[in-house]
Amino acid sequence: MAKETVRFVAVKTVQKPATVKFKTKSGETVSFKALKTVKKKEVVEFRAKRK
């Protein structure tokens, strides 16, 4: 069977560093580093059998 190159755009979930900053009720500013989940488009390419 012949093979073909299949290519399409898929959505990949990745984590990105982010700084979270906010003020409390008492007026104190709090900031810390966290991981933010982001959906990223990525091109997928592989060889597949022909139907």
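Tabulated data for the structure shown
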quantity: Extended-chain gain in nm, criterion 0.36 nm per residue less alpha-carbon gap, residue 31 and residue 5; calculated: 4.6 nm
quantity: GNM top mover of 14, 38, 30 - the chain, alpha-carbon springs below 10 Å; calculated: 30
quantity: Charge context of residue 18, other residues only, Cβ under 14 angstrom, K/R +1, D/E -1; calculated: +4
quantity: Probe 1.4 Å, all protein chains present, accessible-area order of 21, 33, 51, largest first; calculated: 51, 33, 21
quantity: Magnitude of the charge dipole, the chain, Cβ model with Lys/Arg +1 and Asp/Glu -1, debye to 20; calculated: 220
quantity: Solvent-accessible heavy-atom area per residue, rounded to whole Å², over the chain at 1.4 Å; calculated: 100
quantity: Relative contact order (percent, whole number), the chain, Cα cutoff 8 Å, 6+ residue spacing; calculated: 54
quantity: Isotropically averaged projected area of the chain, using the convex hull of Cα atoms (one quarter of hull area), nm²; calculated: 5.0
quantity: Tally of Lys pairs whose C-alpha atoms are under 15 Å apart, taken over the chain, 8 or more apart or cross-chain; calculated: 13
quantity: Inter-label distance for residue 43 and residue 15, nm, one decimal - labels placed 7 Å from Cα along Cα-to-Cβ; calculated: 2.9
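The values are calculated or read from the model by the stated rules, or taken from the named source; none is laboratory data. A quick note: this is a predicted structure, and the numbers were derived from the prediction, not measured. As a convention, Cβ positions derive from the backbone with ideal geometry for all residues, glycine included, and neighbour counts pool all protein chains shown. Note: accessible area is taken over every heavy atom of the protein model, side chains too, but ligands, DNA and RNA are not part of it. Shrake-Rupley method; radii C 1.70, N 1.55, O 1.52, S 1.80 Å.
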